[in-house]
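The structure appears right after this line, and notes come after that.
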Amino acid sequence: LTGESIKFELYSNSLDRWYSVIAFSDQHLYFSTIFLDITEAKKSVIELQRANSLNEALLDSIPHPALMVHKDRRVIAANKLAKEAGTIVGGVCWRDLGQCLYISVEDKERIDTYKAGSDKTVSCSFCRGDHALQINNCVNIKEQLGDKFWDIYWVPTQEKDVYLHYAIDITEQKKTEDNLIESELRFRQLAEASFEGICIHNQGVILDCN
């Protein structure tokens, strides 16, 4: 009655229907309403919300950053670890970043760096996901991001045009491997510097020697 029109959604218990209601006043002391039946559309939205909640609950059971991404670059669901780490572990697709629900501060800083004219090759997670969907097979890389090493996967799902993207933190494993290589190198240098002949054999079969 103030002359200002309003729009809201209303659920009718007796009819079990959802309506989009528009109310307006085109005559003093009178108002009119238009009821648009949006039940089917509302049910679809509710089902999608339930599915996304279920997906996020399932992803939260994975002990690594994990998300489900649609081919159109929408992040359908992400677990808590992925939200904390930044959505796209392994790089982002700059032109489509605006569609991303969870963007970490680190990712934003990296975007600014590339916009400043860096010549470094961009590792695009979205494009790797597209490739996994195209070949209908898992894509896997190992990559260092900051001070951590990640074993990163893009896995097509049974749902059309949707892939699972997750990353396993292998920093400690990488450090162990590097320490082992360094230890082997030190042993090799020590053996080569010896004035004695050093031989490693198994039942007479020589495996290594200086």
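Which trypsin sites (Lys or Arg not before Pro) does the stretch 137-210 hold that lie in a coil by DSSP with at most 14 other beta carbons within 10 Å?
Lys160
In what order, largest first, do His131, His201, His165, His28 sit by accessible area if the probe radius is 1.4 Å?
Accessible-area ranking of His131, His201, His165, His28, largest first: His28, His201, His131, His165.
My understanding is that a pair violates if its Cα-Cα distance is over 27 Å; which of Lys7/Lys160; Lys71/Lys174; Lys83/Lys142 do that in this structure?
Long pairs (Cα-Cα over 27 Å): Lys7/Lys160; Lys71/Lys174.
Probe radius 1.4 Å, ligands and nucleic acids left out: which of Leu36, Leu67 has the largest accessible area, and how do the rest follow?
Leu36, Leu67
The values are calculated or read from the model by the stated rules, or taken from the named source; none is laboratory data. This structure is a prediction, so every number in the text was calculated from the model and none was measured. Note: ideal-geometry Cβ built from the backbone for every residue, glycine included; neighbour counts use all protein chains shown. SASA here: full protein model, heavy atoms, side chains in, ligands and nucleic acids out. Shrake-Rupley method; radii C 1.70, N 1.55, O 1.52, S 1.80 Å.
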